[in-house]
Structure formats: C-alpha cells, structure tokens
Amino acid sequence: MTTPGGMLLVLAVLVPFVAVMAGLVLGGRNAERVALATVAAGLVIVIEIARSLLASSEPLVYLLGGWAPPLGVALRADGLSVVMMLAVGVVIAGVAVYARGDFGTAVGVRETRASLTFWSLLMAVWGALNLVFVSGDVFTLYVALELLTFAGVPLVCLDGRGETLRAALRYLLFALLGAMLYLLGVFLLYGTYGTLDIAMLAERVAGGPLTWTAAALMTAGLLAKTALFPLHLWLPPAHAGAPAAASAVLSALVIKGSWFLVVRLWLDVFPGIVTWSATQWLAGLGVAAILAGNIVALRQARLKLLIAYSTVAQIGYLFLMFPLAAGARAAHVDDTAAVTGGMLQAISHATAKAAMFMAAGLIYTTLGHDRVADLRGAGRALPMTILAFALAGASLVGLPPSGGFLAKWLLISAALSTAQWWWALAMLVGGLLTSVYVFIVVMHAMAPPDVGWAPRRTVPGYQQGAVMALALCSFLLGAAAMFPPDLPRVGRPHLAWVAP
C-alpha cells in the first residue's frame with residue numbers, strides 16, 4: 001500500500017519535468033530562473049524524503065493510480081535510493097550555480113538557444129535520475145534510463161561543433177545498444193515470471209537458462225551505458241568535448257544511473273542466482289578499468305581529457321562492491337561495509353568529479369587553453385579553484401578525511417574480511433596512479449607565470465565558490481562515519497546469500 005510520505009516520490013520526479021515544460025514555455029532567461037527555483041524546491045523534497053524514511057525505517061511506497069503490482073506500478077525508495085537522490089540534488093545545485101556564468105542570460109541580453117537547451121536538459125536529467133532511483137519495476141527503470149539517455153546525449157554537443165556531434169552520436173549508439181540488450185532481458189523475465197515488479201521478482205527468481213540469460217543481457221546493456229572497460233570508448237570524447245557544466249553532469253551523475261541499476265539487479269533481483277565467478281569477472285573488468293583509465297590519463301596532454309579518462313578509472317571502483325558483498329553473504333556475515341563503501345565511492349566520485357570538470361572549465365576560460373604542460377599562472381589567477389581541484393583529487397586518491405578515503409577503507413576492510421586481498425591491492429595501486437596525475441596538474445598550475453603574463457578573462461567569484469563547495473563536500477564526506485544511522489541500510493531487507 002501507499003505509505004505516508006509516498007507522494008513525495010512523485011513530486012521528486014514530477015517537479016523537475018514540470019520545470020522543463022515551464023522553461024520551454026517561458027523562454028531562455030526565464031528557464032534559468034525556473035531551474036534555480038526548482039533546485040531549491042527539489043532539495044527540500046529530497047530532504048523530506050530522507051526524513052520520512054528515517055522516521056519510519058521502512059521503504060516509502062507510492063502506488064500509481066492506486067493499483068498494486070503486478071497490475072500496477074509502484075514507486076519505492078529505500079536507503080540506497082535516498083542516498084543517491086541526496087547526492088544528485090547537491091551536485092545539481094552546485095552545477096546550476098556554476099552554469100549561470102556560462103549559460104545565464106542577463107537582462108537586456110538576447111536569449112540564446114544553448115541557454116534554453118542547457119537549463120531544460122539539466123532539469124530533465126534530474127527528473128530522469130530520480131525516476132531511476134525510485135522505480136519499483138524493471139520496465140519503468142528502462143523508461144527512466146531512456147529519458148536519461150535522451151537528456152544526456154544533447155549535453156555533449158551543445159556547441160554544435162562537428163567533433164562534439166560525432167562524440168554525441170557515438171554515445172547514442174552505445175546507449176541504444178545497451179538499451180536493446182537490457183530490454184531483451186526484461187522480456188525474458190516477464191515471460192518467465194509474469195511480473196516486472198522488483199519485490200515480486202526477488203521472491204520468484206530462480207536459477208535457470210532463461211534467468212541467467214536475462215541477467216547477462218541486462219547487465220551487459222547496463223555496462224555499455226556505464227562505460228565500464230572495455231565498453232568505455234564513447235566516454236572520453238563525449239565528456240571532454242562538452243561544456244564544463246555539461247561535462248560535470250555527465251561524468252558525475254548520468255553514468256551513475258545505469259550503475260545504480262546494476263546494483264539494484266544484482267543485490268535485489270538476482271542475489272540468489274548470481275554466481276561467485278560472475279562477481280569476480282565483473283570486478284575484474286573494474287580493475288582493468290582502474291589500471292587502463294589511470295595509465296591513459298597520465299599520458300593526456302589536455303586537462304579535460306585527463307579528467308575524462310580518470311572517470312573511466314573511477315568507474316572501475318564502483319564494481320568492486322559486488323564480489324565483496326557476495327563474499328560477505330557467502331560467509332553469512334553482514335555485507336554493510338561492502339555496500340556502504342560502494343555507495344560512498346559513487347557519491348564521493350560524483351562531487352569530486354563535478355568539481356574537477358568545473359575547475360577545468362574555469363582554467364580554460366582564464367588561460368584560453370587546458371594544456372596540462374602550460375598551466376603555469378593558473379594558481380595565481382585562480383587560487384581557490386586550484387585548491388578545490390587538489391581537494392577533489394585527494395578524494396579520488398583516497399586521502400583522509402575524504403569520502404574517497406572512507407569508501408576505500410570500507411571496501412578494503414570488506415576485502416580483507418572475506419579473504420579477497422587482491423581487490424584491496426588493486427585499490428591501493430589505483431590510488432597511487434591517481435595521485436601521480438593529480439600531483440602533476442597541481443604542480444604545473446602552481447608554477448609562476450612568465451613576466452608580464454595576465455589572465456585572458458576574470459571568472460566570477462560565485463563560479464569558484466560552487467567548485468569549492470562541491471570539492472569540500474567530497475573531501476569532508478568522510479565525516480559521515482560519525483553520524484548514525486547507516487542510511488544505505490534503512491528500509492532494506494537482509495538477504496541471505498546462497499552461492500549457486
């Protein structure tokens with residue numbers, strides 16, 4: 001049945017999409033105002049959802065039209081959903097403040113198509129992500145993913161250049177291929193079990209050729225959308241070529257939607273049929289992403305491409321939680337460390353990577369380029385921005401007291417407690433590689449400029465403030481260990497892992 005507070009789930013999805021329509025009707029200058037007002041309202045809604053969840057300690061549920069599954073569609077929010085919704089709301093707010101400098105329309109200035117498009121797509125991405133987090137059945141999740149794709153792809157090519165158009169088309173092809181594979185798996189599940197509701201599937205799913213095929217198809221499709229190595233070819237040109245605010249949204253948020261579906265499927269729908277070897281293979285791809293992404297990032301001459309390949313590497317960490325959670329359940333011990341570590345890794349990466357891409361945008365604006373070897377003077381012109389970049393990089397490395405440190409601590413603890421030390425070693429090596437290119441960028445930026453050098457343009461203080469705010473969120477996220485309760489666990493059943 002619909003629970004108290006369930007209507008808030010509808011508002012979390014509906015309000016951003018209403019903002020999209022209102023912005024299209026009112027125009028570019030007003031679209032910005034509508035978006036900023038929606039950010040404030042959306043944050044209040046998400047905070048109230050979190051408060052309601054903590055008060056009840058049970059999932060929030062809303063039955064659309066009053067029809068219960070399998071005939072109807074249910075929206076549900078547990079601790080995993082709320083954690084991601086809070087993180088997305090914070091990042092959207094930071095990006096919205098930053099984007100006023102690039103896509104704002106001052107009074108008396110002619111409205112631009114790019115401005116109207118950006119604010120509309122930003123709200124569409126937010127609404128689609130919220131739908132991903134609260135959807136209660138696998139087909140609604142497919143719809144949410146497609147909404148997210150068609151909001152994310154245009155962000156890549158807002159400038160209309162041929163290079164970014166090609167990157168957007170490559171992104172679209174990978175996304176459509178992934179959607180086709182996922183949908184084939186949905187068809188197999190419905191034909192086998194007669195329902196698409198996640199809670200019902202969790203009770204009915206059993207091992208068998210059709211179920212294993214469905215799980216494989218759905219996972220492969222989602223990995224293509226998430227850009228896990230070796231399906232990452234679309235990500236670097238797409239994220240590096242987009243405007244800085246759009247790159248922040250794409251790297252920090254959009255790829256998290258498909259990753260969250262993998263979490264939902266492997267932890268909630270298929271926990272009893274996923275084999276031990278499957279979790280090892282999935283994490284093995286994650287380690288390959290960590291190594292390949294970091295090594296290629298070290299070879300990049302442009303800052304935005306370096307950050308994009310860093311995203312390829314950081315995606316790999318997100319998939320280490322699966323064998324660790326499986327190992328804990330196989331040993332009949334609590335899997336909280338693995339799951340909470342994975343969620344913290346996603347959140348710390350989102351805030352850190354948004355800050356880094358926006359910092360790169362300010363550096364480009366100030367210097368007129370983003371060549372890593374020629375960043376001298378950036379530290380003098382943008383001291384707050386370079387400090388924010390360093391703090392965000394420290395979180396990616398995993399230095400205390402950052403969110404990245406707490407996430408890796410939990411994951412490494414889970415690896416050692418389940419006798420899977422090789423994943424802990426991979427995380428340590430990845431952190432060392434990340435520290436190298438973060439150090440290189442900061443050292444080049446702090447080098448003194450040539451005599452007589454002057455910045456090409458002065459950036460607004462509020463843009464630097466937005467970058468610093470997100471970097472601080474990522475760096476200080478480790479303090480979450482001091483605040484009970486363990487939010488990701490709230491409203492979630494403790495499933496017993498049975499190794500097939």
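For region 1-115, what is the Kirkwood estimate of the hydrodynamic radius, computed as the reciprocal of the mean inverse distance between distinct Cα atoms, to one decimal in Å? Walk me through the intermediate numbers first.
Details: mean 1/r = 0.0639 Å⁻¹.
By the Kirkwood definition, the hydrodynamic radius is 15.6 Å.
Enumerate the residues in region 119-140 having an amide nitrogen under 20 Å from the point lying 7 Å beyond the Cα of ALA40 toward its Cβ.
Zone members listed by number: 119-120, 122-124, 126-127.
Note down the net charge around ALA199, summing +1 for each Lys or Arg and -1 for each Asp or Glu among other residues with Cβ under 15 Å from its Cβ.
Numbers: positive: ARG76, ARG204, ARG264, ARG492; negative: GLU58, ASP78, ASP137, ASP197, GLU203, ASP268.
Here the count lands on -2.
Find the relative contact order for region 276-500 and round it to a whole percent, using C-alpha pairs within less than 8 Å whose residues are 6+ positions apart. It would help to have the intermediate numbers written out before the result.
Values: 375 pairs, mean separation 62.2, N = 225.
Relative contact order, region 276-500: 28 percent.
Rank by packing, highest mean first: peptides 272-280, 398-406, with packing defined as the count of other Cβ atoms within 10 Å averaged across residues.
398-406, 272-280
Let me make sure I get this right: for region 276-500, a, b and c are the square roots of the gyration tensor eigenvalues over alpha carbons, sorted descending. Under 1.5 in a/c it's rounded, otherwise prolate if a/b > b/c, else oblate. Which is it? Before the final figure, lay out each step's value.
On the way: a/c = 3.13, a/b = 2.02, b/c = 1.55.
In terms of gyration-tensor shape, prolate.
Just want to confirm a number: the relative contact order over region 215-362, from Cα pairs under 8 angstrom separated by 6+ residues, in percent.
Values: 186 pairs, mean separation 46.4, N = 148.
Across region 215-362, relative contact order equals 31 percent.
Residue by residue through region 213-223, which ³J(HN,Hα) values in whole Hz follow from phi under the Karplus form 6.51 cos²θ - 1.76 cosθ + 1.60 (θ = phi - 60°), with glycine and proline marked x?
5, 4, 4, 5, 5, 5, 5, 4, x, 6, 5
If contacts are Cα pairs under 8 angstrom and at least 6 residues apart, what is the relative contact order of the chain in percent? Show your work: numbers first, answer last.
Values: 935 pairs, mean separation 80.9, N = 500.
Relative contact order here is 16 percent.
Please work out the Cα center distance from region 211-246 to region 91-152, rounded to the nearest Å.
For region 211-246 versus region 91-152, the Cα centre distance is 19 Å.
Alpha carbon centre of region 384-455 versus region 266-332: separation in Å?
Here the two parts' Cα centres lie 17 Å apart.
Could you rank the peptides 359-371, 76-88 by their average count of other C-beta atoms within 10 Å per residue, with the highest value first? It would help to have the intermediate numbers written out before the result.
Details: 359-371: 21.8, 76-88: 24.7.
Answer by packing, highest mean first, reads 76-88, 359-371.
Just so you know, all these numbers are worked out from the coordinates, no wet-lab data involved. Small disclaimer: the values here were computed from a predicted structure and weren't measured. Heads up, the Cβs are rebuilt from the backbone with ideal geometry, glycines too, and the neighbour counts pull from every protein chain shown.
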